[in-house]
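> Just dropping this structure here.
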């Protein structure tokens, strides 16, 4: 049974940049920025960006790390500062959660 999560971050952007998430699991792109998952915003919710529901495997017991990145026209502009945020999947095995910052 998968774990469904939603990622949300507040991040101002310029010049049609978009926000994506990339992380340590294959479902999060395995740290390959070209495979990062897009987040969406709207006039009503900006500067909040939110992912669709993402299915992660519930059997993973490792710490899952991720970062937000800014992208413009398909090219990486900026990595989120600091160490990668992390959550321990073993505690989320049957949880539909929202990860917010």
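> Report the label-to-label distance for residue 52 and residue 75 in nanometres (one decimal), using points 7 Å from each Cα along the Cα→Cβ vector.
Result for the modelled spin labels: 2.8 nm.
> Kirkwood hydrodynamic radius, computed over distinct alpha-carbon pairs, for segment 3-94: how many Å, to one decimal? Please report the intermediate quantities before stating the final value.
On the way: mean 1/r = 0.0733 Å⁻¹.
So the Kirkwood estimate lands at 13.6 Å.
> Determine the equivalent ellipsoid of segment 13-63 by diagonalising the alpha-carbon gyration tensor, then write out the semi-axes as square roots of 5 times the eigenvalues, largest first, rounded to whole Å. Could the numbers behind the result be given before it?
Numbers: eigenvalues 122, 35, 11 Å².
Listed largest to smallest, the semi-axes of segment 13-63 are 25, 13, 7 Å.
> If you stretched the chain out fully between residue 4 and residue 42, how much longer would it get, using 0.36 nm times the residue separation minus the C-alpha to C-alpha distance? Write down the numbers at each step before the final one.
Working: separation 38, 0.36 × 38 = 13.68 nm, distance 2.25 nm.
Gain on extension, residue 4 to residue 42, equals 11.4 nm.
Every number here is computed from the coordinates shown, using simple stated rules; none is lab data. Remember, it's a predicted structure, so these values are computed and weren't measured experimentally. Cβ coordinates were reconstructed from backbone atoms using ideal geometry, including for glycine residues, and neighbour counts include every protein chain displayed.
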